[in-house]
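*Asks:* The structure's right below; bear with me while I get my questions together.
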Amino acid sequence: MESFDGFVFPDLSGVIVHDRYQNYDKISGVIHQLCCSHLLRDLEDAAQSYPDAIWPGQAADGLCALIHAANTARDQGLAAVPDDAIADDLRLFRHAVRVGLSEVRRVPGSSQKQPPARLLLECLRDREHDVLRFLSDLRIPPTSNQAERDLRPAKTQQKISGRLRSEKATRHRYAIRGYISTAAKHGTDVIAALRDALAGNPWMPPIPEKA
């Protein structure tokens with residue numbers, strides 16, 4: 001936990017897309033988008049745990065439809081998904097969550113371990129803004145898939161070598177990879193961005209407009 005606080009927290013700002021790892025909720029001054037890929041996997045697990053229940057599949061179908069609507073609106077150059085484009089799917093998603101909550105009851109006693117499906121449903125209900133934030137701001141991705149792909153080379157090296165050398169070298173490595181990845185995502189030529197950085201004139205991403 002100390003390494004997470006010291007190594008990850010200071011570099012986080014703006015909107016972070018993440019799974020429901022509790023430490024992310026301790027970060028002040030950031031906005032959360034829960035990764036929908038993780039939520040869909042959790043819904044799939046719930047469908048296997050409750051094979052006769054309809055709500056897991058309905059919630060998953062609704063969430064997939066909302067993600068598709070966001071992708072479509074983004075391709076159209078919109079800043080947010082129109083309300084009328086998601087009204088039906090949003091209604092089905094919310095209805096599935098309500099039904100699930102009625103079927104998967106909490107275990108009595110605050111100290112008792114709750115079923116994973118119950119915790120998932122409570123998250124979908126209580127943190128709906130963090131689940132569906134990508135609909136109101138299309139700059140926010142619905143999943144952390146891209147971030148995980150960016151991190152995978154570093155994790156591969158860690159598994160091969162068993163370590164990432166010193167903390168200083170690791171920070172430099174991540175800074176370089178982050179710079180390259182961010183430049184590429186903004187359509188900037190990576191070689192040109194590296195050349196400019198070495199020349200003392202590093203490329204910088206545009207400052208996002210306030211919503």
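*Asks:* Between R20, R41, which is assigned to a helix (DSSP H, G or I) and of a type in the set (K, R)?
*Replies:* Of R20, R41, the one residue that is assigned to a helix (DSSP H, G or I) and of a type in the set (K, R) is R41.
*Asks:* Tally the residues that are at pLDDT below 80 and not aliphatic (A, V, I, L, M), restricting the search to the range 180-204.
*Replies:* Summing the residues that are at pLDDT below 80 and not aliphatic (A, V, I, L, M) in the range 180-204 gives 4.
Conditions tested, residue by residue: (1) in the same structural domain as I16 (by TED's automatic domain parsing); (2) among the aliphatic types (A, V, I, L, M); (3) modelled with pLDDT under 95; (4) more than 20 Å from the chain's Cα centre (by Cα).
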| position | (1), (2), (3), (4) |
| --- | --- |
| R106 | yes, no, yes, yes |
| Q112 | yes, no, yes, yes |
| A117 | yes, yes, no, no |
| R127 | yes, no, no, no |
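The values are calculated or read from the model by the stated rules, or taken from the named source; none is laboratory data. The structure presented is a predicted model; accordingly, all values stated were derived computationally and were not measured.
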